[in-house]
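Student: Handing you this structure, nothing more for now.
The values are calculated or read from the model by the stated rules, or taken from the named source; none is laboratory data. Note that the structure is a prediction, hence the values are computed from the model and not measured. Counting neighbours? That spans all protein chains shown, and the Cβs are built from the backbone with ideal geometry, glycine included. SASA here: full protein model, heavy atoms, side chains in, ligands and nucleic acids out. Shrake-Rupley method; radii C 1.70, N 1.55, O 1.52, S 1.80 Å.
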Amino acid sequence: MVAPSRVVAVVKADGYGHGAVAVAQAALGGEGLRDLARQNHARAAYARERLAAVKGVSMPHAAPFFNEFVVRLPGAAARAVETLAGRGLAAGIPLSRYVADRDRDLLVAVTEMNPKAAIDRLADEIGRLA
């Protein structure tokens, strides 16, 4: 285990948000960090596959991804995010916030903190929006 004073020093040394990676590596070790990355990618791949199976949903990009990907919804992503938030789900970020012609596109991020049951629920709830 890493001494708390060492962790604090690592976080304070980096004012750009990179301290979290250093803390994770210090706490988990190199192999632990690799395992965590594998979990993140496996869950994201599962989520992408699960969401792609929802009627009316498509994947506009075939490029490789790590734990974030874009989903094209059958309707406006901003409206979907608002509706799903009312159901207790944080669905993602509507890309229309940043690009005007991407109103149906939703940026989804998945980590080890998202269990399969939550991913399944998100896919089911998106399916109910159509």
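Student: Against the conditions (1) over 13 Å from the mean Cα position of the chain (by Cα); (2) at pLDDT 95 or above; (3) open to solvent by 40 Å² or more (accessible area, probe 1.4 Å), where does LEU73 fall short? Just the number, please.
Tutor: Only one criterion in (1) over 13 Å from the mean Cα position of the chain (by Cα); (2) at pLDDT 95 or above; (3) open to solvent by 40 Å² or more (accessible area, probe 1.4 Å) is unmet by LEU73, namely (3).
Student: Can you pull out every residue in segment 49-70 that is in contact (Cβ under 8 Å) with a residue 40 or more places away in the chain, under 22 Å from GLU112 (Cβ atoms) and in contact with a strand residue (DSSP E or B) (Cβ under 8 Å, 6 or more places away or on another chain)?
Tutor: Listed by number, the residues that qualify are LEU51, ASN67, GLU68.
Student: Turning to a different aspect of this structure: Taking the options LEU84, LEU95, name whichever one is closer than 23 Å to PRO60 by Cα, in contact with a Lys or Arg (Cβ under 8 Å, 6 or more places away or on another chain) and not acidic (Asp, Glu). Reasoning before the result, please.
Tutor: Working: LEU84 fails: in contact with a Lys or Arg (Cβ under 8 Å, 6 or more places away or on another chain).
Only one candidate qualifies: LEU95.
Student: To continue, here is another question. Just the residues that are aliphatic (A, V, I, L, M) and farther than 21 Å from ASN40 by Cα, please, taken from segment 58-87. Can you show your working first?
Tutor: So in segment 58-87, the residues aliphatic (A, V, I, L, M) come out as 59, 62-63, 70-71, 73, 76-78, 80-81, 84-85.
Of everything in segment 58-87, those that are aliphatic (A, V, I, L, M) and farther than 21 Å from ASN40 by Cα turn out to be LEU73, ALA76, ALA77, ALA78, ALA80, VAL81, LEU84, ALA85.
Student: A follow-up question, please. Quickly run through segment 86-130 and pick out the residues that are hydroxyl-bearing (Ser, Thr, Tyr) and more than 13 Å from the chain's Cα centre (by Cα).
Tutor: SER96, TYR98
Student: Within segment 111-121, does at least one residue satisfy the condition of being over 26 Å from ARG34 (Cα atoms), in contact (Cβ under 8 Å) with a residue 12 or more places away in the chain and not in a loop (DSSP other than H, G, I, E, B)?
Tutor: Yes, because at least one residue in segment 111-121 is over 26 Å from ARG34 (Cα atoms), in contact (Cβ under 8 Å) with a residue 12 or more places away in the chain and not in a loop (DSSP other than H, G, I, E, B).
Student: For segment 36-51, how many residues meet the condition of being modelled with pLDDT of 95 or more and either open to solvent by less than 40 Å² (accessible area, probe 1.4 Å) or over 15 Å from the mean Cα position of the chain (by Cα) (or both)?
Tutor: 4
Student: A further question on this structure: Mind counting the residues in segment 98-123 that are in contact with a Lys or Arg (Cβ under 8 Å, 6 or more places away or on another chain) and charged (D, E, K, R)?
Tutor: Residues flagged as in contact with a Lys or Arg (Cβ under 8 Å, 6 or more places away or on another chain) and charged (D, E, K, R) within segment 98-123 amount to 5.
Student: Would you check which residues across segment 94-110 are open to solvent by 70 Å² or more (accessible area, probe 1.4 Å) and free of Cβ contacts under 8 Å to residues at least 12 places away in the same chain and list them?
Tutor: Residues of segment 94-110 open to solvent by 70 Å² or more (accessible area, probe 1.4 Å): 97-98, 100-101, 103-104.
Once the filter is applied, which keeps residues that are open to solvent by 70 Å² or more (accessible area, probe 1.4 Å) and free of Cβ contacts under 8 Å to residues at least 12 places away in the same chain, segment 94-110 yields TYR98, ALA100, ASP101.
Student: Right, next: Among the numbered criteria (1) at pLDDT below 95; (2) part of a loop (DSSP other than H, G, I, E, B), which single criterion is violated by ALA91?
Tutor: Only one criterion in (1) at pLDDT below 95; (2) part of a loop (DSSP other than H, G, I, E, B) is unmet by ALA91, namely (1).
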